[in-house]
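*Asks:* Dropping a structure here in structure tokens format, bear with me for questions.
The values are calculated or read from the model by the stated rules, or taken from the named source; none is laboratory data. None of the values given here were measured: they were computed from a predicted structure. Every residue, glycine among them, receives a Cβ derived from its backbone with ideal geometry; neighbour counts consider all protein chains shown. All accessible areas refer to the heavy atoms of the entire protein, side chains included, with ligands and DNA or RNA removed. Shrake-Rupley method; radii C 1.70, N 1.55, O 1.52, S 1.80 Å.
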Amino acid sequence: MSGWTKRGLVFDVARHGAGGWMSHSALTPTPWARGDGTIRVYASFRDASGVGRVGFVDVLADDPTRVLRVSAEPALDIGRGGCFDDSGMILGDVVEAPGGLHLFYVGFQRVAGAKFLAFSGLAISTDGGERFWRVQETPILDRAPGRSTIAAIHSAHYADGLWRLWYAVGDDWEYLEGRPYPRYHIRYAETRDLRAMPRHDRVCLRPRGDEYRIGRPRVYRLGRRYAMYFTWGDRAGRYLPGLAFSDDGVNWERRDDALGIAPSAAGWDARTLCYPALVRHGGKLLMFYNGNDMGRDGFGVAEVAAEDVVPAEGAHALG
């Protein structure tokens, strides 16, 4: 794939933020093409205490740097005290499926013996994505052997009654300069019932070299192959995107050299570039992503010509 052209910071917290629950950051931007000439980008907006809630930003599809609307209140608020998502949340995925628009999210809970716990929840919207309601107050992907601290769904494909899921799992911590950071890698499972998640899954990608974490897998069909955009972190403090390809969505070949985008020389995405998520509009692919400090300033967009992409069937086919 040829290189991406950056279009700049789209949602600027300092300019567009509403304060209060939207005081800073717009983590894990996740685009959803609405079919009316606009793209809704869901993200996790943080309050002054760092607690994230799901909201959205509508942009013009023909010019994704143009902000049309910012949600005045959360589309999904934090959970009830004591629940797995009472300390914040980030985006997992947004999928149209029978029953409504499905929002997969990662709920955070602060606990005494660890920095946090992070497990996957599900909420559904029946009003066109304005508000979401939890299907249950407990995780749909909870702790199990090998995922005692993190089980974070970030891509979900639905077709013919089958859900295919890609997620990050964590079981321990990496200490850098005395501070704990989560260690995790990417796995895959499938199910026909989101209320009965299988215990058996498959490893997709593990950290390599000096990396200790690799996650936020965003999986798409590009022609006859799958592409996975992800974010990795290493002990030197780098936090950057990567790319892998697969013929079946399970066995992956990492090809970071084909990514085609990197941090800028200066500005809001100079130190870090992370959490890329794609959507197709006309002859272009659009990538929404975060920059420095995991999106503290907001999120930006980049684009690339899509003439070499063959549309494929499925929830995340870029066609």
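*Asks:* Return the total of residues in region 7-16 being open to solvent by less than 30 Å² (accessible area, probe 1.4 Å) and over 18 Å from the mean Cα position of the chain (by Cα).
*Replies:* Number satisfying all stated conditions: 2.
*Asks:* Same structure again: Would you check which residues across region 123-143 are closer than 20 Å to Phe56 by Cβ, open to solvent by less than 10 Å² (accessible area, probe 1.4 Å) and assigned to a strand (DSSP E or B) and list them?
*Replies:* Once the filter is applied, which keeps residues that are closer than 20 Å to Phe56 by Cβ, open to solvent by less than 10 Å² (accessible area, probe 1.4 Å) and assigned to a strand (DSSP E or B), region 123-143 yields Ala123, Ser125.
*Asks:* Which condition does Ser2 not pass, out of (1) open to solvent by 30 Å² or more (accessible area, probe 1.4 Å); (2) at pLDDT 95 or above; (3) on the phi < 0 side of the Ramachandran plot, if it passes all the others?
*Replies:* Of everything listed in (1) open to solvent by 30 Å² or more (accessible area, probe 1.4 Å); (2) at pLDDT 95 or above; (3) on the phi < 0 side of the Ramachandran plot, Ser2 misses just condition (2).
*Asks:* Among what's in region 85-106 and is of a type in the set (Asp, Glu) and under 20 Å from Glu130 (Cβ atoms), pick the residue that is most open to solvent (accessible area, probe 1.4 Å).
*Replies:* Only one residue fits best here, namely Glu96.
*Asks:* Tell me yes or no: at least one residue of region 77-84 is under 27 Å from Pro180 (Cβ atoms), without any contact (Cβ under 8 Å) to a residue 24 or more places away in the chain, in a strand (DSSP E or B) and open to solvent by 10 Å² or more (accessible area, probe 1.4 Å). Let's see the steps before the verdict.
*Replies:* In the first step, residues of region 77-84 are kept if they are under 27 Å from Pro180 (Cβ atoms); the result is 78-84.
Those left that are additionally without any contact (Cβ under 8 Å) to a residue 24 or more places away in the chain: 81-82.
Then keep just the ones that are in a strand (DSSP E or B); that gives none.
Within region 77-84, not a single residue is under 27 Å from Pro180 (Cβ atoms), without any contact (Cβ under 8 Å) to a residue 24 or more places away in the chain, in a strand (DSSP E or B) and open to solvent by 10 Å² or more (accessible area, probe 1.4 Å).
*Asks:* A further question follows. So Gly113 passes all but one of these: (1) at pLDDT 95 or above; (2) open to solvent by 20 Å² or more (accessible area, probe 1.4 Å). Which condition number does it fail?
*Replies:* Result: Gly113 passes all but (1).
*Asks:* Taking region 270-308, which residues are in contact with a Cys (Cβ under 9 Å, 6 or more places away or on another chain) and either charged (D, E, K, R) or crowded, with 22+ Cβ neighbours inside 10 Å (or both)?
*Replies:* Tyr289, Asn290, Gly291, Gly295 - these are the residues of region 270-308 that are in contact with a Cys (Cβ under 9 Å, 6 or more places away or on another chain) and either charged (D, E, K, R) or crowded, with 22+ Cβ neighbours inside 10 Å (or both).
*Asks:* Moving on. How do the strands (runs of 3 or more DSSP E) wholly within region 147-239 filter down when requiring 3 or more residues that are out of contact with any Phe, Trp or Tyr (no Cβ under 6 Å at 6 or more places or on another chain): which remain?
*Replies:* 150-159, 162-176, 179-191, 211-222, 225-234
*Asks:* Would you mind finding the one in Gly99, Gly92, Gly79, Gly121 that is modelled with pLDDT of 95 or more and under 26 Å from Glu303 (Cβ atoms)? Give the steps one after another, and end with the answer.
*Replies:* Details: Gly99 fails: under 26 Å from Glu303 (Cβ atoms); Gly79 fails: under 26 Å from Glu303 (Cβ atoms); Gly121 fails: under 26 Å from Glu303 (Cβ atoms).
One residue alone meets the criteria, Gly92.
*Asks:* Another question, then. Only one of these is more than 28 Å from Leu162 (Cβ to Cβ), β-branched (Val, Ile, Thr) and part of a strand (DSSP E or B): Val106, Val95, Val10. Name it.
*Replies:* Val10
*Asks:* For region 288-306, enumerate the residues that are part of a strand (DSSP E or B) and touching a Phe, Trp or Tyr at 6+ places or on another chain (Cβ under 7 Å).
*Replies:* Of everything in region 288-306, those that are part of a strand (DSSP E or B) and touching a Phe, Trp or Tyr at 6+ places or on another chain (Cβ under 7 Å) turn out to be Phe288, Tyr289, Asn290, Gly298, Phe299, Gly300, Val301, Ala302, Glu303, Val304.
*Asks:* For Leu285, only one of the following conditions fails: (1) closer than 12 Å to Tyr229 by Cβ; (2) in a loop (DSSP other than H, G, I, E, B). What is its number?
*Replies:* Going through the list (1) closer than 12 Å to Tyr229 by Cβ; (2) in a loop (DSSP other than H, G, I, E, B), Leu285 breaks only (2).
*Asks:* Being open to solvent by 40 Å² or more (accessible area, probe 1.4 Å), assigned to a loop (DSSP other than H, G, I, E, B) and either among the small types (Gly, Ala, Ser) or within 25 Å of Asp201 (Cα to Cα) (or both) is the filter here, so list the residues in region 240-269 that pass it.
*Replies:* Within region 240-269, Asp247, Asp248, Asn251, Arg255, Ala262, Ala265, Ala266, Gly267 meet the criteria.
*Asks:* Can you spot a residue in region 181-191 that is closer than 26 Å to Ser25 by Cβ and of a type in the set (D, E, K, R)?
*Replies:* Scanning region 181-191, I find at least one residue that is closer than 26 Å to Ser25 by Cβ and of a type in the set (D, E, K, R), so the answer is yes.
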